[in-house]
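Since the structure comes first, as structure tokens, the remarks are kept for the end.
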Amino acid sequence: NAGVTQTPKFRILKIGQSMTLQCTQDMNHNYMYWYRQDPGMGLKLIYYSVGAGITDKGEVPNGYNVSRSTTEDFPLRLELAAPSQTSVYFCASSSGTFREQFFGPGTRLTVL
Amino acid sequence: KNQVEQSPQSLIILEGKNCTLQCNYTVSPFSNLRWYKQDTGRGPVSLTIMTFSENTKSNGRYTATLDADTKQSSLHITASQLSDSASYICVVSDMYSGGGADGLTFGKGTHLIIQP
């Protein structure tokens with residue numbers, strides 16, 4: 001049981017490039033989330049999903065896209081990367097009555 | 001607007017000492033409150049989840065308290081260890097979402113440093 005896995009762990013992008021951050025969970029959780037965390041700041045919700053085929057915007061969705069074709073996978077797409085997207089990105093999943101969240105190890109992204 | 005305020009912003013204590021972290025919230029209607037520990041460079045890990053009816057919950061050397069009337073929670077760490085150095089995040093869920101993403105309000109965290 002690996003929990004929530006994220007790839008890559010680190011990535012450097014040039015302005016205008018695109019990339020996909022991968023997230024997979026093996027706990028059969030319905031809910032999945034993408035957060036970003038800037039240095040010294042709290043977590044901000046980008047997108048979330050309540051199940052396969054269903055996604056919704058969070059607090060800071062601009063510049064990102066998501067899809068949820070399976071229960072296990074929830075990739076985050078960055079189009080036309082900008083320096084403001086330099087951050088650490090965390091994927092999480094949850095289920096159960098109180099929907100305790102389980103977080104992945106994070107992807108550290110730098111846009112230069 | 002729902003808000004979660006944590007204090008202090010940062011704290012430095014000596015190994016073996018106790019400390020208490022605070023969380024005040026204005027989330028309504030309240031469903032549950034969670035404390036997470038985030039080690040540097042890692043994702044947050046759940047320490048406790050408390051519902052409206054729970055006043056105290058322990059997880060080893062960590063004890064969380066909840067006063068739903070004053071909308072305050074605290075996380076007490078006993079006999080601190082070097083491995084307790086981390087950020088501690090308070091997250092409050094409103095009743096409608098039951099914990100869904102649109103009902104979670106995150107605090108900015110308390111950065112705790114344990115010195116030998």
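The values are calculated or read from the model by the stated rules, or taken from the named source; none is laboratory data. Bear in mind that the values here come from a model prediction, so they are computed numbers and not experimental data. Here the Cβ positions follow ideal geometry from the backbone for every residue, glycine too, while neighbour counts run over all protein chains shown.
I'd like to know if region A:61-84 contains one or more residues that are surrounded by 18 or more Cβ atoms within 10 Å (Cβ to Cβ), within 13 Å of chain B (Cβ to nearest Cβ) and more than 17 Å from A:THR24 (Cα to Cα).
no
May I ask you to say which residue of A:PHE98, A:PHE90 is at pLDDT 95 or above, within 13 Å of chain B (Cβ to nearest Cβ) and within 24 Å of B:GLN38 (Cα to Cα)?
Residue meeting the stated conditions: A:PHE90.
Is it true that some residue in region A:45-60 is under 20 Å from B:ASP39 (Cβ atoms), crowded, with 20+ Cβ neighbours inside 10 Å and out of contact with any Pro (no Cβ under 7 Å at 6 or more places or on another chain)?
Checked region A:45-60: no residue is under 20 Å from B:ASP39 (Cβ atoms), crowded, with 20+ Cβ neighbours inside 10 Å and out of contact with any Pro (no Cβ under 7 Å at 6 or more places or on another chain).
From the list B:SER46, B:SER74, B:SER58, which residue is assigned to a strand (DSSP E or B), within 17 Å of A:PHE102 (Cβ to Cβ) and not acidic (Asp, Glu)?
Criteria check complete, one pass: B:SER46.
Test B:SER87 against the stated conditions and say whether it is away from every other protein chain (no Cβ under 14 Å) and modelled with pLDDT of 95 or more.
In short, no.
So in region B:31-51, with the set limited to residues that are more than 8 Å from chain A (Cβ to nearest Cβ) and either of a type outside the set (Phe, Trp, Tyr) or more than 10 Å from the chain's Cα centre (by Cα) (or both), which one is nearest to B:GLU5 (Cα to Cα)?
Result: B:LEU33.
So which of B:SER28, B:SER74 is surrounded by 14 or more Cβ atoms within 10 Å (Cβ to Cβ), hydroxyl-bearing (Ser, Thr, Tyr) and either within 16 Å of the chain's Cα centre (by Cα) or more than 14 Å from every other protein chain (Cβ to nearest Cβ) (or both)?
B:SER74
Could you tell me which numbered condition B:ASN32 fails, if it satisfies all but one of (1) polar (S, T, N, Q); (2) farther than 14 Å from A:GLU100 by Cβ; (3) in contact (Cβ under 8 Å) with a residue 40 or more places away in the chain?
Failing condition for B:ASN32: (2).
Looking at (1) within 14 Å of another protein chain (Cβ to nearest Cβ); (2) over 17 Å from B:THR105 (Cα atoms), find the lone condition where A:THR20 falls short.
(1)
Yes/no per residue for (1) at positive phi; (2) of a type outside the set (A, V, I, L, M):
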| position | (1), (2) |
| --- | --- |
| A:ILE15 | no, no |
| A:LYS44 | no, yes |
| A:VAL50 | no, no |
| A:GLY53 | yes, yes |
| A:TYR64 | no, yes |
| A:ARG68 | no, yes |
| A:ARG99 | yes, yes |
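Would you mind finding the one in A:MET41, A:MET27 that is more than 9 Å from every other protein chain (Cβ to nearest Cβ) and either in a strand (DSSP E or B) or surrounded by fewer than 18 Cβ atoms within 10 Å (Cβ to Cβ) (or both)?
Only one candidate passes the filter, namely A:MET27.
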